[in-house]
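Data block below; observations after.
The values are calculated or read from the model by the stated rules, or taken from the named source; none is laboratory data. What you see is a predicted model; the values in this text were computed from it and never measured. Because the Cβ atoms are built from the backbone with ideal geometry, glycine has one as well, and the counts that use them run over all protein chains shown. Heads up: the accessible areas ignore ligands, DNA and RNA and are worked out on the full protein's heavy atoms, side chains in. Shrake-Rupley method; radii C 1.70, N 1.55, O 1.52, S 1.80 Å.
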Amino acid sequence: MKLGGFAGRILFINLSTGDIRKEPLDTTLAEKFLGGLGICLKLYYDIARPGASPFSAENPIVLGTGPLVGTDLPATSRVYAVTKLAQSKAIGWCGGGGMNLGCMLKNAGYDHVVIEGSADRPVMIKIFDDDVEILDATDLWGKGVKDTCDSLWDRYGRPMGIMTIGQAGENRVIFSMAYIEGGATMGRGGLGAILGSKNLKAIIAKGTKGVGVAKKRRYRAQRDKLLKTMRDYPYLKEWQELGLIKSLPFFPIDLYKKIKKRRLACVSCPIGDKDVVEIKDGPLKGFTTRSTSMINLITPMVYGIKDYRESIKCVSMLDDFGMDMFEFFGVLSFARDLIEQGIISSEQVHDKIEINSLESLETWARKVCLRQGLGDLLADGFNAILNKFGDKARPYAPYIIRGMLPYTGPRGPLVWELFGTMELGQSLDPRGPHVGASGSPTYFARRPLDQFPRHLKRMGAPEDAIKRILPKPDSPEDEDSLKVGRLLTYSHNWFSTLGSLGICARAQINRFYNAETCAEVYSSVTGIETTKEELMIKAERVWNLLRMANVREGFTRQDDTLPDKWFNASPFKNYVTMRPITRQDAEGMLEDYYDERGWDKRTGIPTKEKLRELDLE
Amino acid sequence: MKVFKIEVKPELCTGCLRCELACSEVYTGSFNPSAARIKVVVSDTECSISFTEDCTYCGICVDHCFYDALKKIPEQTEEGGKL
């Protein structure tokens, strides 16, 4: 049976042997795991050897796009990669707005690319329709992300999808990322380092095969309805013009408009969020860069950089090296504190660490990236620093979950004191403290509870679950009035749905989709008739497979870490009552999550009954 | 017959390729940017929007542009065309 939406082929590339083969996509994979993220996980689970270390040749990378990618449904361009990650040593995904890459891969005729083995020299993978080659990339090795992309576009022309790493990935910096066309990031958990360990500098894709849908008339009706809703959205223009600055107004709009050169969008996205900016004055006049968003470019100001122009230059530098900003600032601040305490001898450190100085940050970014001096240790992340300096260093360490810095928290980089699904989700994500999969109505502070049912229905939560999540109408308000743990179950299922179909998970996009619409478009695109209820079961299956993949690696409830510092000074607050969250409260939320999932509350492992119910035995 | 010309504003284009997707679907039956009759190439500093010789100026690309980079300019002539 030829499915719509899917290209129908999987590309297997072994970098050790040079073997390249193309295999048909097994349609039962699509029927059970939807596509995209779901099939990536299933392929990884079937191929990988349990226990393989992240940097070994036995750790494959499975890339993939969902069945909606390549169509003109709005904002359907996501690309996912599943691998064992460098930071958490867990199996997880890295997802990025696909820019051109997702559409091009699909048009080249592949839903997934499985990369196995490890090359003995720098290489890149060229995927131009049926012409697939492993090419020497010695001339690109040592280049930053921007130079690599520009070199490849000069050589092969635009439009062309590119995934690449910078020097940080080459040198296995544990928080290095992969970049899609320099504008979208993948893998704060260290995908860049995994690519680097395989000597794989870049993947480029072009295609001319086209993407068809199974039921055209039905598809067009659903698409037009979605587009009309977006066109009628009263804030559409503001979102298009301001992006994240609209909801996070941390930068003067007039100034933003002055430096904004262009907004960029992933293929099919009506609300593009990538920014190209040009500094208009001062010593950096004329400096131009692209970024995932303007908010990203000014984040170093949180750490003390005063001049927004220096902040832009700093982020651009880190992006070019190809490493995560939060982890970089985190390990650097930690090292500075250890030097101040005399735990790291200042005699070993010739260059002073000044978090608010562009010059110092440039020096240290280079040291980390190229593994020079103390930078070699910092490149291995928090756990390596703690292992080296032991208990005397621990009091100065920031919040850490699975070796990484949580995004949000009372003293995190993004100060957020309410404990909602995104905060709890940082403990339950096998990749480490990411927030992207844990969205829910708690994303916005103090949203009235009577608005929750509408959002929960949109996310595919059934009526009985909504009753369990929200307080009964006649119950007194107390600390358990909103079951954040139970709610998080449906955040994860909703994210699994979006990720497996290929829809962008950003709040300003996924607000236009709901579970019913997803089931309708999945059915019309693929030809696999799927109800909303069936869709959500498949999404649940995907999340359970993710858990089982990590259970197979030895992860249990003990790894769902709740950092002590969340409950000490300036603790998180209950989303509804604003009372401080205790460890006992948070442990209760974890148990609620396991219970709602049908997992063993003691071990955090899916029960046999649940696995049988989901046909995952 | 009331027809129109297509005005292009490359400075507003984000490279989303919705125009190419729509065009290719109408004329080839599948979503295939390489087969579209409108060609968009975007970099950080430049954007070019052009039309192939096969373009009939049907305007489907304009209908799918969300960023006002393409616009129909009505005029009373017998032929459409790009401004």
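Side notes on the structure shown:
- Segment A:1-118 holds helices (runs of 4 or more DSSP H) entirely within its bounds, and those carrying 2 or more residues that are closer than 21 Å to A:Trp494 by Cα map to A:27-33, A:36-47.
- Residue in segment A:493-512 that is free of Cβ contacts under 8 Å to residues at least 24 places away in the same chain and in a helix (DSSP H, G or I) present: no
- Selection within segment A:345-365: residues that are touching a residue at least 24 places away in the same chain (Cβ under 8 Å) and in a helix (DSSP H, G or I). The member of this set that is nearest to A:Phe328 (Cα to Cα) is A:Ala365.
- In segment A:259-296, residue nearest to A:Arg223 (Cα to Cα) [restricted to those that are more than 14 Å from chain B (Cβ to nearest Cβ) and modelled with pLDDT of 95 or more]: A:Lys280
- Selection within segment A:101-138: residues that are hydroxyl-bearing (Ser, Thr, Tyr) and in contact (Cβ under 8 Å) with a residue 40 or more places away in the chain. The member of this set that is most open to solvent (accessible area, probe 1.4 Å) is A:Ser118.
- B:Val26 vs. criteria farther than 19 Å from A:Asp72 by Cβ, open to solvent by 30 Å² or more (accessible area, probe 1.4 Å) and at pLDDT 95 or above: no
- For B:Ile60, the requirement of being at pLDDT 95 or above and surrounded by fewer than 21 Cβ atoms within 10 Å (Cβ to Cβ) is met.
- Looking across A:Pro580, A:Pro571, one residue alone is free of Cβ contacts under 8 Å to residues at least 24 places away in the same chain, of a type outside the set (D, E, K, R) and open to solvent by 30 Å² or more (accessible area, probe 1.4 Å). It is A:Pro580.
- Residue in segment B:7-23 that is nearest to A:Gly182 (Cα to Cα), counting only those that are open to solvent by less than 60 Å² (accessible area, probe 1.4 Å) and more than 7 Å from chain A (Cβ to nearest Cβ): B:Cys13
- Residues of segment A:157-190 classified as among the aromatic types (Phe, Trp, Tyr) and in a strand (DSSP E or B), total: 1
- For segment B:36-54, residues that are facing chain A (nearest Cβ under 7 Å) and modelled with pLDDT of 95 or more total 1.
- Taking first residues from segment A:320-332 that are outside any helix (DSSP H, G or I) and partners that are surrounded by fewer than 24 Cβ atoms within 10 Å (Cβ to Cβ), no Cβ contact under 7 Å between residues at least 6 apart in sequence or on separate chains turns up.
- Subset tally (residues that are out of contact with any Pro (no Cβ under 7 Å at 6 or more places or on another chain) and part of a helix (DSSP H, G or I)) for segment A:523-547: 15
- From the list A:Ala461, A:Ala445, the lone residue that is open to solvent by 40 Å² or more (accessible area, probe 1.4 Å), among the hydrophobic types (A, V, I, L, M, F, W, C) and without any contact (Cβ under 8 Å) to a residue 40 or more places away in the chain is A:Ala445.
- Residue check: A:Ala445 meets all listed conditions (1) at pLDDT below 90; (2) out of contact with any Leu (no Cβ under 7 Å at 6 or more places or on another chain) but one, namely (2).
- Evaluating A:Ile305 against the criteria (1) more than 10 Å from every other protein chain (Cβ to nearest Cβ); (2) closer than 22 Å to A:Ala184 by Cα; (3) open to solvent by less than 30 Å² (accessible area, probe 1.4 Å) leaves one unmet condition, (2).
- Take the conditions (1) at positive phi; (2) away from chain B (no Cβ under 14 Å); (3) touching a strand residue (DSSP E or B) at 6+ places or on another chain (Cβ under 6 Å); A:Arg172 misses just one of them, which is (3).
- The criterion of being surrounded by fewer than 18 Cβ atoms within 10 Å (Cβ to Cβ) and in contact (Cβ under 8 Å) with a residue 24 or more places away in the chain does not hold for A:Ala515.
- Any pair with Cβ under 7 angstrom, 6 or more apart, that starts in segment B:55-71 at a residue that is away from every other protein chain (no Cβ under 13 Å) and ends at one that is at pLDDT 95 or above and in a loop (DSSP other than H, G, I, E, B): B:Cys55/B:Arg37
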